[in-house]
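Sending over a structure as structure tokens; questions will come in a sec.
The values are calculated or read from the model by the stated rules, or taken from the named source; none is laboratory data. Keep in mind it's a predicted model, so treat the numbers as computed, not measured. Reconstructed Cβ throughout: ideal geometry from the backbone, glycine too, with neighbour counts over all protein chains shown. Areas reflect the complete protein model, heavy atoms only, side chains present, ligands, DNA and RNA absent. Shrake-Rupley method; radii C 1.70, N 1.55, O 1.52, S 1.80 Å.
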Amino acid sequence: MSDTAGNGAVLVVGGGISGLTAALEAAEVGNDVFLIEKNAYFGGRVAQLNQYFPKLCPPTCGLEINFKRIKDNRRIRTYTLTTVKSISGGPGNFEVQLETAPRYVNSNCTACGDCAQVCGDEIDDAFNFGMGTTKAVYLPHEMAFPRRYVLAKEACSAATLDAIKAACKYNAVDLDMQPQTFTLKVSAIVWSTGWNPYDPTKITNLQYSSSNAIITNMMMERLAADNGPTKGKILRPGDGKEPASFAFVQCAGSRDENHLQHCSYICCMATFKQISYIRAQYPDAKIYVFYIDLRTPGKYENFREKFMADPNTTFIKGKVADIAAERDGGVTVTAEDAINGTKIHQKVDLCILATGMEPALGEQGKALGVTMDGNGFVVSDAAKGMFSAGCAKAAVDVYTSGQSSTAAALKAIQIGR
């Protein structure tokens, strides 16, 4: 399969808030745009948040209107479960080979859910970071776009597959789907591939795998979200306990020459935001924040000051050395207070690791000829006809991602004109 949109066409790689913004900005001034996403849905990390800055909006605020604009714009063609395999040519005349993985559910799907009702097999719920399971045929999340089920065929027994296919009234289940390879000809490429939470198991001293009471900041977002595994109630995974005390471990993997050398920028603000989640549910809970530095630039200073004045929140300037699981399901956090030199052993019911933002493109980018800096972020290169947006460009918040996505689109549409 080959698709040519003529001069000025733009390929946007990554369909999170940055990719959606870049695609819309380019299309709404008259350019043809191909928007691809490796997941089964658009929306990226923002779709997994409970709230985001600067107004503490739910994801629906920014995503729903962009999804509608995408649907209404005939210049944008969307592809999920799709990745870049090779790039040839140059600015104004790229030839990009892509591959779409089988979804095993075609466009006849109405998301009625009949298939899930008869599905006897389950898989880990990736959208909720493994905090629970989901049926092996599933809607990725409640506001998924496209609103179409996905079948994890390899996780199903033959009997389950037969039952799923028989349950569908619309002939939407296609068990014979194969990977599809196709080629696009475009003038410019925008990389909006976003970020992954840094793998906490690599930070061995924080003992992530030793206790259900140690979670990541993105897991905390899902716990607080109404469509999360606990329907918005912040409970300790495993035993469902209502925590009476919390610890936040800042810079978990960031600013560390053994892990991520860069500052992940939003982790401090994310912690203050998550303190607001806790306070809404547990007004009297004790909260301890272990930090190296607190970075809340510009307009976020007032937000920081509000929570630092909370009498039940204690801030300890010191890097955490160890987290030990306790018999009652909690953990003890050990750190040295850098201000007075004392060693602290603080027991809490739930510990949240503020894991850093790792650029998602990784080694694949280098293989495709993308210019990247020493931390793995994509460097815009007009001479190559490639531009970066959002967290593919740098660790930033949603607001800044929107700005960089608009900038990337403006640069991309000038190629080939």
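Tell me, what ³J(HN,Hα) does each residue in the stretch 142-149 have, in order and in whole Hz, if you take phi through Karplus 6.51 cos²θ - 1.76 cosθ + 1.60 with θ = phi - 60° and put x for Gly and Pro?
Karplus values, whole Hz, x for Gly and Pro: 4, 10, 4, 10, x, 7, 9, 5.
For semi-axes √(5λ) of the Cα gyration tensor in Å, several values are listed as (i) 67, 38, 24; (ii) 38, 28, 18; (iii) 30, 28, 18; flag the one computed from this structure.
(ii)
If I take every Cα pair under 8 Å that is 6 or more residues apart in the stretch 199-356, average their sequence separation and divide by the length, what percent do I get for the relative contact order?
About 31 percent, as a whole number.
I'd like the antiparallel share, as a percent to the nearest 5, of DSSP beta bridges with both residues in the chain. The partial results should precede the final answer.
Details: 39 of 76 bridges.
Rounded to the nearest five, the antiparallel share is 50 percent.
Separate question: For the chain, what is the relative contact order in percent, using Cα pairs closer than 8 Å and at least 6 residues apart in sequence?
Averaging sequence separation for qualifying contacts and normalising by length gives 20 percent for the chain.
Which cross-chain or sequence-distant (5 or more) residues have an amide H under 5 Å from the amide H of GLU336, H modelled 1.01 Å from N in plane?
Correct list: LYS319, ALA321, ILE344.
May I ask for the angle, rounded to the nearest 10°, between helix 267-281 and the longest principal axis of the chain, with both axes built from Cα atoms and the value confined to 0 to 90°?
Here the helix axis deviates by roughly 70 degrees.
Something else now. Could you tell me which residue out of ASN217, ALA409, PRO197 lies farthest along the dipole of the chain toward its positive end? Charges go on the beta carbon: Lys and Arg +1, Asp and Glu -1, centred on the Cα centre.
Checked the options; the winner is ALA409.
Report, to the nearest 10°, how far helix 17-27 tilts away from the longest principal axis of the Cα atoms in the chain, using its own Cα long axis and a range of 0 to 90°.
Compared with the principal axis, the helix lies near 30 degrees.
Averaging sequence separations of C-alpha pairs under 8 Å and six or more residues apart, then dividing by the length of the stretch 17-143, give the relative contact order as a whole percent.
That works out to 21 percent.
Helix-only estimate, please: 222 nm mean residue ellipticity of the chain, summing -39500 (n - 2.57) across DSSP H runs of length 4 or more and dividing by its residues, to the nearest 500.
Per the formula, -6500 deg cm²/dmol.
Tell me the per residue accessible area of the chain using a 1.4 Å probe; a whole number in Å² is fine.
Roughly 43 Å² per residue, with all protein chains present.
Can you give the convex hull volume per residue for the Cα atoms of the stretch 114-167, as a whole number of Å³?
Dividing the Cα hull volume of the stretch 114-167 by its residue count gives 76 Å³.
Pull up all non-local amide H partners of MET372: gap of 5 or more, or a different chain, and H-to-H distance under 5 Å with H placed in the peptide plane.
Placed amide hydrogens put VAL379 under 5 Å from MET372.
Tell me the carbon and sulfur percent of the accessible area for the chain, rounded to whole percent, probe radius 1.4 Å.
Here it works out to 48 percent.
Of the candidates LEU151, LEU368, LEU139, which one comes out as most mobile in a Gaussian network treatment of the chain with C-alpha springs shorter than 10 Å?
Highest fluctuation among the options: LEU368.
With a Cα-only, solvent-free Debye model of the stretch 292-417, what are the log10 I(q)/I(0) values at q = 0.11, 0.15 Å⁻¹?
Debye curve over Cα of the stretch 292-417, log10 I(q)/I(0) at q = 0.11, 0.15 Å⁻¹: -0.64, -0.90.
Considering the chain, which cysteines have no disulfide-compatible partner, defined as another cysteine with its Cβ under 4.7 Å away?
That list is CYS109, CYS112, CYS115, CYS119, CYS156, CYS168, CYS251, CYS263, CYS267, CYS268, CYS351, CYS391.
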